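Here the structure is laid out as structure tokens; the discussion comes afterwards.
The values are calculated or read from the model by the stated rules, or taken from the named source; none is laboratory data. Since we're looking at a predicted model, the values are computed, not measured. No Cβ is skipped: glycine too gets one built from the backbone with ideal geometry, and neighbour counts run over all protein chains shown. All accessible areas refer to the heavy atoms of the entire protein, side chains included, with ligands and DNA or RNA removed. Shrake-Rupley method; radii C 1.70, N 1.55, O 1.52, S 1.80 Å.
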Amino acid sequence: MNILFVSSEVTPFAKTGGLADVSGALPKALAKLGDNVKVVMPRYYRIDRNKLEKLPIALGVDMGSLGEVWCGVYKSTLPKSSVEIYFIEHEGYYGRSGLYDENGVAYEDNDIRFIFLSKASLKLSLALDFKPDIVHANDWHSAPMPILLKTVYENNDFFKNTKSVLTIHNLQHQGFFDKRAMDILGVGWEHFNQYALEALGGVNILKGGIAFCDALTTVSEKYAQEIQTDEYGFGLQEHIKIYSYKLFGILNGVDYEEWNPEHDKYITQNYSVDTLEDKIENKRDLQGIFDLVPSDEVALIGFVGRFAKQKGIELIASCIEGLLQLDVQMVMLGSGEKWAEGFFSDIAKRYPERFGCYVGYSEELAHKIEAGSDMFLMPSLFEPCGLNQIYSLRYGTLPIVRATGGLDDTIVNYDKKSDKSNGFKFYEASAHALYHTVKWAVEVYKDEKDEFVKMQKRAMKEHFSWIDSAKKYQKVYLWTMK
Ligand code: ADP
């Protein structure tokens with residue numbers, strides 16, 4: 001199949017979260033299975049164009065009252081593959097330091113920037129004479145594509161056999177704008193209604209994408225159920241229920257070339273399930289990096305992620321004083337909400353021997369935390385899939401998670417009698433539940449060492465392959481054609 005895969009972020013070119021990891025890995029897995037995939041993303045300022053090939057293509061894109069807007073195109077390949085990735089070049093829209101925002105403030109023209117990405121991507125496939133069997137859109141940023149295919153391009157011969165798939169990586173972000181987005185989209189006001197693009201008097205791009213796509217997917221089976229409920233639906237639950245007949249949950253895989261303690265280039269000591277005892281060198285290294293008191297015995301708990309409410313940082317903050325009374329050390333890496341950056345930095349100053357915090361983004365430190373920690377904390381309020389807990393499994397770093405979305409799908413709670421347990425889980429979104437689960441996990445770490453090691457080894461042998469996920473996506477692609 002010919003697949004046009006469009007995403008606002010792709011590893012290793014630009015990343016703010018899991019969407020980039022998926023967009024860097026899934027196209028490669030599909031290509032391995034024989035599909036012909038072309039990826040498209042914006043050429044943000046941070047992507048060095050000197051390392052890309054400039055194509056002799058200029059695309060003119062109809063942007064409603066803004067007139068025809070032109071862009072250039074660069075090309076490269078995804079690392080260690082021959083999958084082509086195309087970069088839409090528009091200095092005014094993408095030549096900025098952020099992807100979506102700066103200093104926590106969203107760009108006020110994000111509707112224009114990403115409708116442009118979607119329109120330019122379809123124009124590009126015309127220019128390349130690449131007739132997609134599937135247009136695969138990701139989150140609201142490329143959700144205009146399914147909308148455009150069923151409206152503007154409805155009678156276009158080139159796209160007459162093209163089907164669209166929209167993947168929701170996080171329902172919280174929906175692309176909600178005022179009515180000017182209708183003009184930029186250019187789809188006709190008959191679609192400005194509660195069953196398509198209208199929400200609260202404005203335009204909700206993801207809502208429109210959900211209505212118009214041929215298949216809708218999300219990144220775990222549990223999350224596919226959850227987004228149809230009041231608790232997790234972010235206002236779109238009733239809308240999604242209407243389209244549940246075309247909704248599929250497909251768990252993300254892991255790029256084990258990138259996340260594997262056997263050959264991880266960032267960590268001090270490589271190790272495998274057969275040399276698990278070597279993992280301790282990474283713990284010592286991590287304690288050194290954060291200036292914690294050196295101790296092999298203390299339970300070291302890691303956290304990597306956006307400092308956002310979604311990630312349960314308020315729960316951690318509420319019980320951190322209690323947690324640090326246990327025989328634990330904790331290290332946190334992340335950035336985001338300013339109060340959290342200040343709060344956790346302050347805790348690090350007050351408990352320097354047992355708590356470390358690095359505010360910022362560091363790929364290297366993320367790997368070191370995965371390798372050096374004994375346990376990994378993810379107390380998310382909601383989690384579409386979650387990648388870090390799956391990386392943690394491979395590193396023998398047992399996840400402590402809240403049972404939601406992909407966390408619930410991937411982590412099996414500790415039970416001495418079970419031969420499937422791979423971590424620790426709690427259900428209630430409360431600091432109380434978090435505290436007691438960490439306490440319990442630390443007790444198992446200390447007092448049931450054999451069981452803990454057994455679980456570590458079991459976790460390390462688990463395999464969340466992108467090939468398996470890609471096969472499921474292929475089934476969905478085929479389903480749209482029936
Ligand atoms: P989300 O997409 O909601 O942010 P995921 O768990 O799906 O959460 O993916 C997050 C990805 O971003 C992981 O690969 C994680 O390691 C990475 N990440 C998040 N914050 C940081 C950070 N501060 N430094 C390095 N990597 C980070």
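Results, tabulated for the structure shown:
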quantity	calculated
Charged-residue dipole, Cβ positions (Lys, Arg, Asp, Glu), the chain about Cα centre, Debye nearest 20	980
Residue-span extension gain [MET1 to SER81] - 0.36 nm each, minus C-alpha spacing	27.0 nm
Calculated FRET value between LEU478 and THR229, using beta carbons and R₀ = 30 Å, to 0.05	0.55
Relative contact order computed over the stretch 273-460 (Cα-Cα under 8 Å; 6+ residues apart), in percent	23
DSSP-assigned coil residues among GluC sites (Glu not before Pro) in the stretch 420-482, each with at most 14 further Cβ atoms within 10 Å	GLU428, GLU448, GLU462
At most 15 other Cβ within 10 Å, DSSP loop - trypsin sites (Lys or Arg not before Pro), the stretch 185-289	LYS265
Computed accessible area, LEU247, all protein chains, 1.4 angstrom probe, square angstrom	30
Whichever lysines have a C-alpha closer than 23 Å to that of LYS150, once near sequence neighbours (fewer than 8 apart) are set aside	LYS38, LYS119, LYS123, LYS131, LYS160, LYS163, LYS179, LYS207, LYS241, LYS246, LYS475, LYS482
Under the span-like rule (Cα at least 20 Å along the axis, Kyte-Doolittle mean at least 0.5), DSSP H helices of the chain	18-32, 110-127
For ARG402, solvent-accessible area (1.4 Å; no DNA, RNA or ligand), Å²	20
Set of lysines with alpha-carbon distance to LYS454 below 25 Å, sequence-local pairs under 8 removed	LYS279, LYS283, LYS368, LYS416, LYS417, LYS420, LYS425, LYS439, LYS446
Segment ASN156-PHE130, extension gain: residue separation times 0.36 nm, minus the distance between their alpha carbons	7.9 nm
Long-range HN-HN contacts of GLY396 with modeled amide H, under 5 Å	MET460
Potential lengthening between ASP415 and GLU262 on full extension [0.36 nm per residue; Cα-Cα distance subtracted]	52.3 nm
Most positive-pole-ward Cα, PHE192, LEU216, VAL203, against dipole of the stretch 100-254 from beta carbon charges	LEU216
10 Å binning of all Cα-Cα separations within the stretch 1-124, expressed as whole percents from 0 upward	13, 45, 33, 8, 0
Surface accessible to a 1.4 Å probe, per residue, for the residues of the stretch 192-275, Å²	41
Structure-based [θ]222 nm, the chain - -39500 (n - 2.57) summed over DSSP H runs of at least 4, per residue, nearest 500	-11000 deg cm²/dmol
Qualifying aspartates and glutamates (Cα of each under 13 Å from Cα of LYS75; at least 8 residues distant if same chain)	ASP48, GLU53, GLU84, GLU89
Exposure ranking of GLU9, GLU68 by accessible area [1.4 Å probe, largest first]	GLU68, GLU9
Largest-first principal axis extents of the Cα set of the stretch 273-460 (Å)	42, 34, 30
Rel. contact order, % - alpha carbon contacts under 8 angstrom, at least six apart, the stretch 30-169	20
Mean separation of Cα contacts under 8 Å (6+ apart) over length of the chain, as relative contact order %	13
